[in-house]
Amino acid sequence: MLGTYDELKSQVDGLKDQIDSLRNGLQNIETQFKTEKRQREENDLIITSQIASINNLLREKGLIEGERIDDAHSILYYCVICFARPHEAKFFLCGHTVCCYPCAQAIWNKSAIQRRCPICKTSIIRIEGVTSQAFLIEHPPSQP
């Protein structure tokens, strides 16, 4: 049995209120996501700078070899794991490009649970090369 016009209008109004509430919730989630992304990017820069400072100190003490990292461009150029080669591997899902190929391969060869970005700890599902020697790693390593 169909309800009266007023009952149907009341139901439609209730549904409109629910839609508005869902839209507001979605906007809040988007705002929170953007804020967290901005914070992660700021933290990445801080971490990269700290790594470069540690790297320079180790070089000064003669504990590792290679060029000294002094400028912002160079800080963002070297692998954050070995500090010896330029970064050339982009991790997915996070999109960080912070490791050289050998270090990225070493990360990929870990178990799936341990296969995480060294910057944000996001699980890695694929690694792509970003240099002229492009490569793609997307299948789990074969087990012996």
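The values are calculated or read from the model by the stated rules, or taken from the named source; none is laboratory data. Source: prediction; values computed, not measured. Every residue, glycine among them, receives a Cβ derived from its backbone with ideal geometry; neighbour counts consider all protein chains shown.
If the condition is being of a type in the set (Gly, Ala, Ser), assigned to a loop (DSSP other than H, G, I, E, B) and closer than 12 Å to Ile127 by Cβ, then segment 77-113 contributes only Gly95.
Would you confirm whether any residue within segment 19-31 is aliphatic (A, V, I, L, M), outside any helix (DSSP H, G or I) and at pLDDT 85 or above? Looking for residues that are aliphatic (A, V, I, L, M), outside any helix (DSSP H, G or I) and at pLDDT 85 or above, one finds none in segment 19-31, hence no. Take the residues of segment 65-99 that are in contact with a His (Cβ under 9 Å, 6 or more places away or on another chain) and aromatic (Phe, Trp, Tyr): which is modelled with the highest pLDDT? This residue is Tyr78. When every residue of segment 12-33 is checked against the conditions, at least one turns out to be within 30 Å of Ile81 (Cα to Cα) and surrounded by fewer than 11 Cβ atoms within 10 Å (Cβ to Cβ).
The residues of segment 25-57 that are in contact with a strand residue (DSSP E or B) (Cβ under 9 Å, 6 or more places away or on another chain) and more than 18 Å from Thr122 (Cα to Cα), listed by number, are Ile51, Ala52, Asn55.
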